[in-house]
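The values are calculated or read from the model by the stated rules, or taken from the named source; none is laboratory data. Just so it is clear, the structure is predicted and the values come from calculations on it, not from any experiment. Note: ideal-geometry Cβ built from the backbone for every residue, glycine included; neighbour counts use all protein chains shown.
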Amino acid sequence: MEPIRIDTADDLRVADFGDVPDPVLVRQRGLFVAEGRFVVRRLLSNSRYVLRALLVTDTALGALADELSAAHHQTPVYVTSRSVIRQIGGYDFHQGCLGLAERPQPVDVLELLSNASPMRPILILEKVGNPDNIGAIFRNAAALGAAAVLLSPGCVDPLYRKAIRTSIGATLHVPYAVVHDWPGGLAQARERGYQLVALTPDATATRLDRYVLPMPGGVALLLGNEGDGLTQAALSGADVRLRIPVDPPVDSLNVATAAALALHQLRILSEAD
């Protein structure tokens, strides 16, 4: 499809992009926002996602020319100035490249667990409400070998544009699912052979560096939200409680940092076996 030139922000052909700053409206329409060339490239190369429309500058269009040509798709590509994109989208973090993509069908928890490699850990998050933390956790998961992420109700949407951007696109390819029956649904992981391992600053918990991998079985790391950590209900459902020793006066670590340290330790243990 030939690019379509747009000269003003009130052009009705790009009216759908006006909802970009409002994640609720975007999600209600069954869409999510892809911002920046890196994320759009990932979408164009992943058959799981369908791009509804692109809004780009001439520079971004040139940078994406090969991917757009190879994709052989009929996605409308609207071309305009960076200032017009800013007027439409309301912000300027997008490198002159905004896309609207269709949300994929949600993945069932059991389906996700059945397809995950038991040799790789999974992460289970409870009410992590900061998009930067969600994005960083997914990035850590991709970098440090986690097979999947499970989310409790109340977690930030991994397809929220800020979460995607912070994750460097990892939320687009690390499998995830929502555990709607919380915390009862955690039993599904245990039934699939995972040991539920809760990270907590509680001084009575076992030190992370003294943890021994279960044999056989996989590891499911439970992490709580930024302010309160894991709820008592989630902690009660864990098989093991681990802590990361920190020096005072600091009492705990950022949840994404804790996830990275735990995943790295699990990798060291698995490679030592």
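Given the residues 163, 170, 177, 220, which is the only one that is in contact with a strand residue (DSSP E or B) (Cβ under 7 Å, 6 or more places away or on another chain), of a type outside the set (S, T, N, Q) and within 30 Å of residue 251 (Cβ to Cβ)?
That would be 220, the only listed residue that is in contact with a strand residue (DSSP E or B) (Cβ under 7 Å, 6 or more places away or on another chain), of a type outside the set (S, T, N, Q) and within 30 Å of residue 251 (Cβ to Cβ).
Answer with yes or no whether residue 232 is surrounded by 14 or more Cβ atoms within 10 Å (Cβ to Cβ) and not β-branched (Val, Ile, Thr). If you could, list the steps in order and put the result at the bottom.
Working: surrounded by 14 or more Cβ atoms within 10 Å (Cβ to Cβ): no; not β-branched (Val, Ile, Thr): yes.
In short, no.
Just to be sure before I move on: is residue 85 at pLDDT 95 or above and β-branched (Val, Ile, Thr) in the structure I sent? Before you say what the answer is, go through the steps one by one.
Values: at pLDDT 95 or above: no; β-branched (Val, Ile, Thr): yes.
No.
Could you tell me which residue of segment 16-43 is nearest to residue 61 (Cα to Cα), considering only residues that are among the charged types (D, E, K, R) and part of a helix (DSSP H, G or I)?
37
Could you please find all residues in segment 188-219 being of a type in the set (Gly, Ala, Ser) and under 24 Å from residue 178 (Cβ atoms)? Talk me through it step by step, then tell me what you get.
Of segment 188-219, the ones of a type in the set (Gly, Ala, Ser) are 189, 193, 198, 203, 205, 217-218.
Within segment 188-219, 189, 193, 198, 217, 218 meet the criteria.
Go through 18, 36 for me and flag whichever is under 27 Å from residue 135 (Cβ atoms) and either of a type in the set (Phe, Trp, Tyr) or surrounded by fewer than 19 Cβ atoms within 10 Å (Cβ to Cβ) (or both).
Exactly one of 18, 36 is under 27 Å from residue 135 (Cβ atoms) and either of a type in the set (Phe, Trp, Tyr) or surrounded by fewer than 19 Cβ atoms within 10 Å (Cβ to Cβ) (or both), namely 18.
Hey, could you check segment 124-145 for residues that are in a helix (DSSP H, G or I) and of a type in the set (S, T, N, Q) and say which is nearest to residue 194 (Cα to Cα)? Steps first, please.
Going residue by residue through segment 124-145, those that are in a helix (DSSP H, G or I) are 131-143.
Cutting the leftovers down to of a type in the set (S, T, N, Q) gives us 133, 140.
Values: 133: 24, 140: 20 Å.
Restricting to residues being in a helix (DSSP H, G or I) and of a type in the set (S, T, N, Q), the top hit is 140.
Quick check, is residue 214 more than 24 Å from the chain's Cα centre (by Cα), part of a loop (DSSP other than H, G, I, E, B) and surrounded by 14 or more Cβ atoms within 10 Å (Cβ to Cβ)?
Criteria met by residue 214.
Name every residue in segment 53-79 that is outside any helix (DSSP H, G or I) and farther than 11 Å from residue 98 by Cα, in order of residue number. Working first, answer last.
Keep residues of segment 53-79 that are outside any helix (DSSP H, G or I), which gives 53-57, 64, 72-79.
Within segment 53-79, 64, 72, 73, 74, 75, 76 meet the criteria.
For residue 130, work out the one condition from (1) within 13 Å of the chain's Cα centre (by Cα); (2) over 21 Å from residue 180 (Cα atoms) it doesn't fulfil.
(2)
Would you confirm whether or not segment 62-82 contains a residue that is in contact with a Gly (Cβ under 6 Å, 6 or more places away or on another chain) and either aliphatic (A, V, I, L, M) or surrounded by fewer than 21 Cβ atoms within 10 Å (Cβ to Cβ) (or both)?
Yes, segment 62-82 has at least one match.
Return yes when residue 164 is surrounded by fewer than 19 Cβ atoms within 10 Å (Cβ to Cβ) and not assigned by TED's automatic domain parsing to the domain that holds residue 95 and no when it is not.
no
Just to be sure I understand, how many residues within segment 220-262 are among the β-branched types (Val, Ile, Thr) and touching a Leu at 6+ places or on another chain (Cβ under 6 Å)?
Count: 2.
Of all residues in segment 94-123, how many are part of a helix (DSSP H, G or I) and either of a type in the set (Phe, Trp, Tyr) or without any contact (Cβ under 8 Å) to a residue 60 or more places away in the chain (or both)?
Matching residues across segment 94-123 total 0.
Among the candidates 122, 85, which residue alone is in the same structural domain as residue 36 (by TED's automatic domain parsing) and of a type outside the set (S, T, N, Q)? Walk me through how you get there before you give the answer.
Details: 122 fails: in the same structural domain as residue 36 (by TED's automatic domain parsing).
Selected residue: 85, the only one of 122, 85 that is in the same structural domain as residue 36 (by TED's automatic domain parsing) and of a type outside the set (S, T, N, Q).
Looking for something among the acidic types (Asp, Glu) and in contact with a Gly (Cβ under 8 Å, 6 or more places away or on another chain) - is there at least one such residue anywhere in segment 117-139?
yes
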